[in-house]
Amino acid sequence: MTRTTRTWRHGTAAAALVTATVTASLMAGCTSGDRPSDDGRGQTHSEPGHPESPNPTSSGPVLAVKIDNVPAARPQTGLEAADLVYAEQVEGGLSRLMAIYATRLPEAVGPVRSARESDLELLGQFHEPTLAFSGAQRKLLPLIDRAPLTAEPPPSAAGAYYRATDKAAPHNLYLRPRKLVAAAPGADALTTGFRYGAAPGGGTPEKSRTVRFPSAHFTFTWSADRHGWLVSMDGTPTVAGDGRRIAAATVVVQYVKVRESRFHDVLGNNSPYTQSVGSGRAQVLRDGRAFDVRWSRAAATDGTAFTTADGTPVNFAKGQVWVLFAKA
């Protein structure tokens, strides 16, 4: 498939790069409740993680949206429709989210905020994803231009964004997803390597888990009624637009290397680089239990495998997955 990435800083289309070139660019950047019986791949969904009918080929790329996660940005819009939510550390020890949409597109998503260098490595696992973000640090723009994705900030897709009136800038920029992608591509576009099915044996009962960043924290509380983990961020319940609590079917606490990058924000604070390629330990929370596992991702173009100590692949519960990148 021919890549049609908009080079939004210059107004011209960037040529597609072969995988080896992209990988080299990314490495250069590194220097500065259901219980399913299948794996959930190749199917469309009416809501995150719930298969309905076969869809052997993807109709397009996933939509990835960078979402603000400071108190002034909450409650966010459209998180409940995401198939996958990544939480990463940004400047000052705060957190930011990346929501991935493949099986359902909400009417709106936001507040939308800026991209980071780590996002390019993370998004390498998807085939030419569409990335919605508010902007980026000037020196990062060339790396975004060369990455195998379609960059869609406001300058290149102004009609897809709007400013809400209930929040103050910069926490009020929202995206209309259908202005960027015509339809949800389906579960085949989720090339994360995640497997969905019956829970592994063992594990330990878990009622609640808190994951801390230097200046932010996430708490997941098991709800038997919802058969999911109720999400709270910085002590505040995470809710959808209708006020209902967001509940993740699976939570992954993935311990990774978090180091300084070569980029800084306008105040001079270093932008942390979260390394999602490599291997290490993780915990998978599902069905009210916690499982100690290993994670591995050999290259930026690969998905991430989660296995038990004996190498057995670990299945996730069907439904929304949250992945928190905690510092190893």
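Annotations
- Potential lengthening between Ser223 and Arg138 on full extension [0.36 nm per residue; Cα-Cα distance subtracted]: 26.2 nm
- Per-atom-type breakdown for region 244-328 gives carbon and sulfur 47% of the accessible area (1.4 Å probe, protein chains only).
- Legend: translational diffusion of region 103-241 by Stokes-Einstein, Rh = Kirkwood radius over C-alpha pairs, 20 °C, 1.002 mPa s; D = 119 µm²/s.
- For a modelled paramagnetic label at Asn269, 7 Å from Cα along Cα-to-Cβ, the residues of region 73-114 in reach, with backbone nitrogen under 13 Å, are 89-96.
- Apolar share of the accessible surface for region 66-106: 61 percent from carbon plus sulfur atoms, 1.4 Å probe.
- Using a probe of 1.4 Å on the protein chains alone, the accessible area found for Ser279 is around 80 Å².
- Each Lys and Arg adds +1 at its Cβ and each Asp and Glu adds -1 at its Cβ; summed about the Cα centre, region 259-328 shows a dipole of about 40 debye.
- Separation of region 101-123 from region 222-291 is 15 Å, based on Cα centroids.
The values are calculated or read from the model by the stated rules, or taken from the named source; none is laboratory data. It should be emphasised that the depicted structure is a prediction, and the values quoted were computed from it without experimental measurement. When we count neighbours, we look across all protein chains shown, and the Cβ atoms used for this are built from the backbone with ideal geometry, even at glycine. These area figures cover heavy atoms from the full protein model, side chains too; ligands, DNA and RNA do not enter into them. Shrake-Rupley method; radii C 1.70, N 1.55, O 1.52, S 1.80 Å.
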